[in-house]
Structure formats: structure tokens, C-alpha cells
Amino acid sequence: MTILSRRDVLALSAAFSATLAASALLPRAFAADAPAAPAPVRNRGIKLGIDNFAVRAMKWKAPALIDYAASLKTDSLFITDLDAFEKQDDGYLTDLKKKAADLGIQIQLGSWSICPTSKSFKNTWGTAEEHGALVLRMAKALGSPVARFILGAGHDRSTDGGIQARIADTVAVCKALKGRSEELGVKIAIENHAGDMQSNELVELIEAAGKSYVGANMDIGNGVWTMEDPMTTLINLAPYTLTTSLRDSMIWESPKGATVQWVAMGDGVVDLTAFFDAFEKLCPGVPVHIETIGGFNREIAYFDPEFMKLWPGRTAADLARFIALAKKGKALDAGKGTFATDAEFQQFQIERSITYCKNVLGLGPKA
């Protein structure tokens, strides 16, 4: 593996100048007359999959999710919700693993918060340690090399002790799970989730816990909620990234700072070709899971001093890169347009994204 310097990776972004030609692609399921996509310059050989949260309104269980992933001709399926499983015993999970393998799909597994002091924590699966041990065992039975968890969300930054205290509490749980993780050969992947941690803070968590068994689930959409350019997220997290949940973002300037709407791949301001030029080199073997979440706007109020108090580590340089993205964007209405149901809208977004990833970005060996 060739290790690039920070300057090299930034140069990749600056070097990209070709115009993307297929921004209006529509999945066949919703537009029979969709224009043919131009072939990518080359296939990157990066596994492409979906995160089941992208189609959460369907309330599909794992067998149906596997069938849907196969219908999209994806290589991987990231099930990040334990409610998708009708059972948790090894026999049931092994059968799911075989069903997916027969269709050429690898399952990766994730679940919810293992920070016992986070506002997002649930005791549905017992204590944080019991929850972690359960998911590690399930991951092993499913053949998943990772067990993804979250710390919490942006509201944890204003809790007693702030995000640093929540990081410390999450590190303690990871350390309690170290033996189980190493015994099963399943690594713990912590996501930068819903504005909880900046990418450098997630790096701090991983290093404190131990990078031999803890890594990152990189989410560039969530990174935008922390005023972070996706290329910055990639540069910081690449050495630790085990898996991904990715989406595009439209960002535009607004009265309190900037407003973000998560959108289908290719519909935002992120230079995805430059991003995957760098990703290909920095994250070899890491699958790309698309997790489209759209239909609402979120304002990032960086002109508000009280809001900025929650981000003592946000540097002027990083904020400047985020503002530069906002200057490129255009305002979008919040809402799901003409779609009658959440399920229709979610299916449209994920299928549009998978089409774009294959035909424009060259992702997925099955592209």
C-alpha cells in the first residue's frame, strides 16, 4: 500500500477538473426513459453496497434486505439495525450468511450506542458491554469482519463534561470488549454519527481504545454536520477506516451560517470523483455502503457564538473549507417532493445513488 502525504491527497482534489456528465440519472424503476449513463473511465474494483437505514421505511427483515441488495447487484449489505433480525441465534444467522453468499453478497453488521452516558443510549440489549458482546457474536456468525457502533449524536456535545467525557466513557466500554473482539476476530467500528464527533475526535477515541481492534465507520454526511469538508474527514479517518456509510450533501449559505440537506449521490456539492480517487488509494479493500437520508434541512449556525462553544477544536482552516463548499451550493426545499410515501422516496434515493456510483464513479465490481 502506497502511503500518501496530506499534501498529496489534497492535490488529488485540486487536480480533478473533468465535468460530471450524468447528474440527472434516474433509476429505471422510476424513469423508464432515463438517459443512458456514460461508462466510467475505469472500474475501481471497490465493493459497493447499501446501508439498510437507507430503506428504513420498508421495515424489511434481513432476508428481504438481502434480496433487495441482490436485485441492485451490489456486493455488500450493511445491516445497522438489530431489529432487522427475526432471531439472534447462530443457526439463523449462519443461514443468512449462506443466503447472502449464494447471491454474491457479504453482510456487515452494526448496531446502536455503546456509550452508557450518551442521550442516545438504549438499554434494549442490556448494558453497554452486554450490547457490545451480543453484536460481536452476531457479527461472527454472519461473517462480518466488523461490528459497528455509535457514541451518540450532536446533543452529547452539550452534556456534562461535553464530548470528551462521552469519548472517555466509550473508550472504557471498548476496552471491556477487547478480549471478546480479539477472540472472535471481529473489529469494533465506531461511527462519526449525527454531529457527535469531528473526525479528529474519533481518531482520539480509536487511539485511546487501541487501534489494533477498534477502527472507524466513516460517514462523510455526518462529518458535514460537524462543519467538515468530506475530504478532511477522509484524510483524518483513512488510516483507521474499516467500513463506511456514505451520502452526498447539498450545502448552501444561510442567515445563521450554512444549511445542509443530505441528497442522493451526485446531487450535492461534494466532488465525489476526487473523493474516490483519494479513497481508492487510502482505503484499499474497504467497502462503500450508501446510506441515503434525505428530505429535510439542517442549519449549521457557525455565526452563533453559543453554537461555536460546542466546537472548541474546530480550526479556522477546516471551517474555511466548509464555507467554501457552502458557497458552491444552492438552496433546496425541505421535503420529499412529489413522492407519496417515505418508502417511495427512500427507494428513489438509494436506487438513483447506486446507479450513479456504478455508472459515473466506477464503484462496485458488478458495475
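So what is the 222 nm mean residue ellipticity for the chain from helices alone, if each DSSP H run of at least 4 adds -39500 (n - 2.57) and you divide by all residues, rounding to the nearest 500 deg cm²/dmol? Result for the chain: -12000 deg cm²/dmol, rounded to the nearest 500. With contacts taken as Cα pairs under 8 Å and at least 6 residues apart, the range 241-367 reaches a relative contact order of 34 percent.
With contacts taken as Cα pairs under 8 Å at a separation of at least 6 residues, the chain carries a relative contact order of 22 percent. Considering only LEU103, LEU77, LEU325, the Gaussian network model of the chain with Cα springs below 10 Å gives its largest mean-square fluctuation to LEU103. Of all lysines in the structure, those lying under 29 Å Cα to Cα from LYS211, and not within fewer than 8 positions of it along the same chain, are LYS47, LYS97, LYS119, LYS122, LYS140, LYS175, LYS178, LYS187, LYS281. Considering only ALA101, ALA317, ALA216, the mean-square fluctuation computed in a Gaussian network model of the chain, springs between alpha carbons under 10 angstrom, is largest for ALA317.
Ordering of 66-74, 138-146 by packing is 138-146, 66-74, highest average first (other Cβ atoms within 10 Å, averaged per residue). Stretching LEU310 away from LYS98 to a fully extended chain increases their span by 71.7 nm, per 0.36 nm per residue minus the current alpha-carbon distance.
Comparing mean-square fluctuations of LEU136, LEU319, LEU205 from a GNM of the chain with C-alpha springs under 10 Å, the top value falls on LEU319.
Dipole orientation for the range 76-205: of the candidates ALA100, SER111, GLY162, ALA100 has the Cα lying most toward the positive pole (charges on Cβ; Lys, Arg +1; Asp, Glu -1). Protection proxy ranking of 291-297, 218-224, 197-203, by the mean of other Cβ atoms within 10 Å over each peptide's residues and highest first, is 218-224, 197-203, 291-297. For the peptides 304-315, 50-61, 107-118, the ranking by packing is 107-118, 50-61, 304-315, with the highest mean count of neighbouring Cβ atoms within 10 Å listed first.
Every number here is computed from the coordinates shown, using simple stated rules; none is lab data. What you see is a predicted model, and the numbers here were worked out from it, not measured in a lab. Glycine also receives a Cβ, built like all others from the backbone with ideal geometry; neighbour counts cover every protein chain displayed.
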